[in-house]
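What follows draws every value from the coordinates through simple rules; no lab data is involved. If you're wondering where the values come from, they're calculated on a predicted model, not measured in any experiment. Don't worry about glycine lacking a Cβ; one is built from the backbone with ideal geometry, like all the others, and counts go over all protein chains shown.
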Amino acid sequence: MSSQTLKGKVAVVTGSSRGIGRGIAVGLGEMGATVYITGRSSGAGPLTIEATAELVNTAGGIGIPVATDLGDDLQIEGLFENVRESQGRLDIHVNNAFKIPNPPVWGGKFWEHPIQVWDDQVGIGLRSAYVSSVHAVRLMMEQTDSLRFVANISSSGSERYALSASYGIAKMGTDRLTRDFAVEGKEDGLCVIGLWPSQVLTEFILESVEKGDIELDEEHSETPLYTGRVIAALATDPKRFDKNGQVLTTAELAVHYDIYDERGKQPKGKRNPTMFREKI
């Protein structure tokens, strides 16, 4: 993946100090994009926004770390003011940030969980996506040549029970954002696509497998970069508007674009969305 087809284009990826967000940032970097790396983990160490920025630079892009608490509306607004002042444009926005409760919530009953679980998953995972998108799209609309592309990271937890009630509500809301943002932005050239990765080999998932909390799905597991390469392919596809408002899997799009991960694998997803499959 060495094409520089996104050179000169600017992207923001929320929650990109690690995990899926890091893979998305690097995937865009492979295509030469300038990528704003956002999150709270800043400074020395392997799981920071600075470390992700270095990986983006190595991949061929320009990584710019900006410490941002995505639970703070003013910090979100400040992030996009930074992009406006420094770059004067925005082409790609990826809503990836999602807060895993500490300790993680694996099943159980909703009335047994602290209310903070809702605030973590819906407040960060869903509300910050809405707030970030408002500021991102306002900036996109200031340039007639912006790609005006928004990608929302969701999961099959939006249509089936997974982890907890608050998790499912956050993911269903994210898929609804995809559809409704696309409807409202269609006439203005805004393209919004939702993505369901399969089991992604993030640091959190690998640690959970090691602890025995979950099982590793060898056949369907994906690396974070797999999602990143799919988003980069969508961003460079002039026909992406054929998918506007749809919620699709990383796996099906990887097959469509003939994308492989850094292991040379093309994992096939095992669950496809049943809602929001038709073109708006």
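Of the residues THR144, ALA129, THR249, the one whose Cα sits farthest toward the positive end of the charge dipole of region 10-257, with +1 on the Cβ of Lys and Arg and -1 on the Cβ of Asp and Glu, is THR144.
Projected label points at PHE110 and THR274, each 7 Å from Cα along the beta carbon direction, are separated by 2.0 nanometres.
Computed from backbone phi, the HN-Hα couplings of region 214-221 come to 9, 9, 7, 9, 4, 6, 10, 5 Hz, rounded to whole numbers (Karplus: 6.51 cos²θ - 1.76 cosθ + 1.60, θ = phi - 60°; Gly and Pro given as x). Per-residue extension of 0.36 nm, minus the Cα-Cα distance of GLU54 and GLU252, leaves a gain of 68.3 nm for this segment. This structure gives Cα extents along the principal axes in Å, computed directly, and of (i) 49, 39, 39; (ii) 63, 51, 32; (iii) 52, 46, 33 that value is listed as (i). Projecting the Cα atoms of GLY189, ASN82, SER166 onto the charge dipole of region 10-257 (Cβ charges, centred on the Cα centre) puts GLY189 farthest toward the positive pole.
Membrane-span-like helices of the chain, defined as complete DSSP H segments with a Cα extent of 27 Å or more along the helix axis and a mean Kyte hydropathy of at least 1.0, are absent.
If I take R0 = 25 Å and measure r between the Cβ atoms of GLU210 and ASP242 in this structure, what FRET efficiency does the formula 1/(1 + (r/R0)^6) give, to the nearest 0.05?
Efficiency for this residue pair is about 0.05.
Hey, with R₀ at 30 Å, roughly what FRET efficiency would ASP188 and LEU47 work out to, going by the Cβ-Cβ distance, to 0.05? The value I calculate is 0.20. Using a Gaussian network model of the chain in which every pair of alpha carbons under 10 angstrom is joined by a spring, one finds that among ARG84, ARG229, ARG18 the greatest mean-square fluctuation is at ARG84.
With contacts defined as alpha carbon pairs under 8 Å and 6 or more residues apart, what's the relative contact order of the chain in percent?
On the way: 600 pairs, mean separation 48.9, N = 280.
The normalised contact order for the chain reaches 17 percent.
Please report, in debye to the nearest 20, how large the charge dipole of the chain is about its Cα centre when each Lys and Arg carries +1 at its beta carbon and each Asp and Glu carries -1 there.
Details: 29 positive and 37 negative charges, 112 e Å.
Taking the Cα centre of the chain as origin, the dipole is about 540 debye.
Placing a pseudo-label 7 Å from each Cα along the Cα-to-Cβ vector at HIS220 and THR5 gives an inter-label distance of 2.9 nm.
Taken along the Cα-to-beta-carbon direction at a fixed 7 Å, the label points for GLU142 and GLN87 span 1.2 nm.
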